[in-house]
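Data block below; observations after.
What follows is calculated from the coordinates using simple rules that are stated; it is not laboratory data. No experiment lies behind these values; they were computed from the predicted model shown. Neighbour counts are summed over all protein chains in view; Cβ atoms, including those assigned to glycine, are modelled from backbone coordinates with ideal geometry.
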Amino acid sequence: METVVSGIRPTGNLHLGNYFGAMKNFVKMQYKHKCYFFIADFHSLTTHPTPENLMENIKQVLAEYLACGLDPEAATIYLQSDIHEIPELYLLLNMISYLGELERCTSFKEKVRVQPDNVNAGLLTYPVLMATDIIIHKATKVPVGKDQEQHLEMTRNFASRFNRMYNVNYFPEPVAYNFGEELIKIPGLDGSGKMGKSEGPNNAIFLVDEPEVIRKKVMKAVTDAGPTEINQKKPEVIENLFLLMNAVSASETIKHFDDLYNDCTLKYGNLKKQLAEDIIKFTNPFREKIKELKANNAYLKKVAEEGAEKARKSAAKTLKEVREIVGFKEF
Ligand code: TRP
């Protein structure tokens, strides 16, 4: 059994890509491994959300997590900001992380580009905080996408540097959790590739999207002029629509439209209509569940409190040991 940690910043709603790319696998993983799933609300401060929005965003993400099937009985689900040991370990790790490596980090350079007026120290040490999240539970596996690989590599550097510096074999060096075959790639609707929240308003279908919104987005999906040769290979934008269908539609439906494509009689409008309805059918239960959870503040609070209690146990043990290793011994 591995110890797994994963965090999500409360900065947007979950979309179908998040569901198939991560959440669906997290749900399985939570019964096989010791899993810590948390809301990275300290991290979200690096982009200065207003205090009015912060808690609302946190609750939304928590409700969406739970609606996807994360089980507070199986996994430890908590808010990063509830664990005071995290900022303390972060402080200690900051002492062994260096300006050069932090400045070289791709995500930092990207942030400097997109928010030049807010290059705060939190952005610079974002990878240190993320490493803290992971090693505070002595995690061995982290389910991350390509965009987080470098952060994970920095985590390994900090962990091994700590071990070397204090001549201990304390922190494991965590590696990416590889879902392999189970990872379903969900393309976006605008033909630009992956589904993502930052790709433009019509690229992603969110679990909370109302049916009308879903219909509109799907009908706007990018296509081409249509097939001209029997059994021709589908261009990427069309293949993308079929990939989406693969995720949400029945196999007969997919075969039906595939056959039409192959004999050049497919009307994209019909395929989109069907796809929209199948997405709606798929996301309906999630949307309902999210609404129900959002309306039950007492339950969300209870989940967060019980999760924090479990997370704190593990974090406090690590911190106690780390303080000793660093040299804070009994007076
Ligand atoms: N940086 C991650 C992201 O943007 C979120 C995150 C914070 C995280 N701490 C983490 C992910 C620890 C995994 C483990 O997606």
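Which of the GluC sites (Glu not before Pro) found in region 24-132 are in a DSSP loop and have at most 10 neighbouring Cβ atoms, other than their own, within 10 Å?
Numbers: sites: E52, E56, E64, E73, E85, E88, E101, E103, E110; in loops: E73.
Sparse-neighbourhood loop GluC sites (Glu not before Pro): E73.
Please arrange D133, D82 by how many other C-beta atoms lie within 10 Å of their C-beta, fewest to most. Numbers along the way, then the final one.
Working: D133 25, D82 17.
Lowest count first: D82, D133.
Taking only Cα atoms and a 10 Å spring cutoff, compute GNM fluctuations for the chain and point out the largest among G193, G12, G226. Checking each option, the largest mean-square fluctuation is seen for G226.
Under the definition of Cα pairs under 8 Å and six or more residues apart, what whole-number percent is the relative contact order of region 197-290? Could the numbers behind the result be given before it?
Values: 74 pairs, mean separation 37.5, N = 94.
RCO, region 197-290: 40 percent.
Given the C-alpha centroids of region 159-218 and region 98-133, what is the distance between them in whole angstrom? Measuring centre to centre over Cα atoms gives 19 Å. Computed from the C-beta positions of N118 and R161, the FRET efficiency with R₀ = 25 Å rounds to 0.30.
Close amide H contacts of C35 (hydrogens built in the peptide plane, cut-off under 5 Å, sequence separation of 5 or more or a different chain): V4, T76. Convex hull volume per residue, computed on the Cα atoms of region 74-150, equals 124 Å³.
With Cα atoms as the point set, the radius of gyration and Dmax of the chain evaluate to 22.2, 82 Å. Among T140, T106, T155, the largest mean-square fluctuation in a Gaussian network model of the chain, built with springs joining Cα atoms closer than 10 Å, belongs to T106. Its residues counted as N, region 245-331 yields a C-alpha radius of gyration over 2.2 N^0.38 Å of 2.16.
The Cα-based radius of gyration and maximum Cα-Cα distance (Dmax) for region 197-290 are 13.7, 45 Å. Checking every one of the trypsin sites (Lys or Arg not before Pro) in region 176-245 against DSSP loop status and a limit of 10 other Cβ atoms within 10 Å picks out K233.
Taking the longest Cα principal axis of the chain as reference, the axis of helix 149-165 is set at about 20 degrees.
Considering only L152, P285, N178, and ranking their Cα positions along the charge dipole of the chain that arises from unit charges at the beta-carbon of Lys, Arg, Asp and Glu, the one farthest toward the positive end is L152. Using θ = phi - 60° in the Karplus curve 6.51 cos²θ - 1.76 cosθ + 1.60, the 3J(HN,Hα) couplings for region 87-99 round to x, 6, 5, 4, 4, 5, 5, 4, 6, 10, 10, 10, 3 Hz; x is entered for Gly and Pro. Summarised in one figure, the compactness ratio Rg/Rh of region 115-174, Cα atoms and Kirkwood Rh, is 1.04. Here the Gaussian network model covers the chain, with springs between Cα atoms less than 10 Å apart; of A121, A63, A316, A121 fluctuates the most.
Region 250-318 and region 1-79 have their alpha-carbon centroids 14 Å apart. A DSSP coil position with no more than 16 other Cβ atoms inside 10 Å describes the following chymotrypsin sites (Phe, Trp or Tyr not before Pro) in region 168-228: Y170, F179.
Treating only the Cβ of Lys, Arg, Asp and Glu as charged (+1, +1, -1, -1), what charge dipole size does region 197-290 show about its Cα centre? Round to the nearest 20 debye.
Values: 14 positive and 15 negative charges, 64 e Å.
Approximately 300 debye in magnitude.
Only the Cβ atoms of Lys and Arg (+1) and of Asp and Glu (-1) were treated as charged; on that basis the dipole of the chain about its Cα centre amounts to roughly 300 debye.
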